[in-house]
Amino acid sequence: MKSPRLYLERRATRALTPTGGFLSNFAYSLNPYVGCAFGDGGGCPFCYVRALPVAQALAGPWGTWVIAKVNLPELLGAELKALEAADRLRHATVFMSSATDPYQGYERVLKLAGGALEQFTRRPPRRLVLQTRSPLVERDIDMLRALGERLIVSLTLETDDEGVRRALTPTSPSVARRLLTARRLREAGLFVQLAIAPMMPNNPERFAMLAADAADRVIVDTYAGDGTGGQRSRKLGMEDIYRRKLGHGGALSAGAERPLIAAMKARLGAYRVLLGKDGFNTV
Ligand code: SF4
């Protein structure tokens, strides 16, 4: 049964957060929300953000509450202006979002990710990577186009298997819907990457065929890409969850990603297939 969600609006003190670690080639991350509605009912069981301090912002399990940073666009506007004045904007790289999904349901009403994009169109950084699993991103297609080559849209799609998607991430958009979004963004002239992260059980040849026209490139990442070499995922009990929901531990064992990488390289060409942390940092 789904837990009731608590939505709160709060004023933040900053928009851009200096980053590093897994996102080593990014200067800043940007999170319009704290908490994630896609986590509702345990929707993304692998979500390691639930084990980070940010997940303690409110009581209650991850996925049952969301805090919106209601003043984020105005804060971002001022911070971009300051970066520009210091001649640092043209080198800046921003990842939106690292600890939530910027286009979760609350965004329909509050348009904080949209407001942030508007600020970026006025003062674009060298590179903006916009990561989401949500078709709602299509709403902002005009602003995305205005960012042109400075933008990479990174659509999360962990599997091509709708049965696996439904079993493991039931509150996420379907495989078909996300692929449709990818194709629409690409047709609009945007650079689209599919973030297969973390890779879930899949049909390598079919996945590669679907990715070939939906994305400019793919990033294949495993549970080792949780920032701790897989420890966080083990602590979250991913093996048990797989056994319970799928009846097997496939995609968790070492080397399970090799067939998909081989199929992707054969279909897309090796230069369009990136791996793990290095892939995410190819900006
Ligand atoms: S969409 Fe991303 S941030 Fe949200 S619960 Fe899933 S993995 Fe976590």
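What follows draws every value from the coordinates through simple rules; no lab data is involved. The structure displayed is predicted, hence computed values, not measured ones. We place every Cβ from the backbone using ideal geometry, glycine too, and count neighbours over all the protein chains shown.
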Modelled label reach - residue 258, point 7 Å along Cα→Cβ, the stretch 177-211 residues with backbone N closer than 17 Å:
202, 204-205
Dipole of the chain, positive direction: furthest Cα of 94, 6, 121, with charges on the beta-carbon:
6
With each pseudo-label sitting 7 Å past Cα toward Cβ, what's the residue 6-residue 205 distance in nm, one decimal?
5.1 nm
For the residue pair residue 59 and residue 283, what label-to-label distance in nm results when each label sits 7 Å from Cα along the Cα-to-beta-carbon direction?
3.7 nm
Looking at the square roots a ≥ b ≥ c of the eigenvalues of the Cα gyration tensor of the stretch 52-127, which shape do they give, rounded for a/c under 1.5, prolate if a/b is larger than b/c, or oblate?
prolate
Take the chain, compute every pairwise Cα distance, and split them into 5 Å bins from 0; I just need the percent in each bin.
1, 6, 13, 17, 19, 18, 14, 8, 4, 1, 0, 0
Distance between modelled label sites at residue 187 and residue 14, nm, 7 Å Cα→Cβ extension:
4.2 nm
Residues of the stretch 196-218 with the amide nitrogen closer than 18 Å to a label point 7 Å from the Cα of residue 270, along Cα-to-Cβ, please.
217-218
Neighbour-count order for 161, 278, 226, fewest beta carbons within 10 angstrom listed first
278, 161, 226
Taking only C-alpha pairs under 8 Å that are 6+ residues apart, what is the relative contact order of the chain in percent?
17 percent
Per the helix-only calculation at 222 nm, which mean residue ellipticity applies to the chain, given -39500 (n - 2.57) for every DSSP H run of n ≥ 4 and division by its residues, nearest 500 deg cm²/dmol?
-9500 deg cm²/dmol
Output the lone cysteines of the chain: those with no second cysteine's C-beta under 4.7 Å from their C-beta.
36
Between residue 239 and residue 52, what FRET efficiency follows from the Cβ-Cβ distance if R0 is 30 Å, with the result rounded to 0.05?
0.90
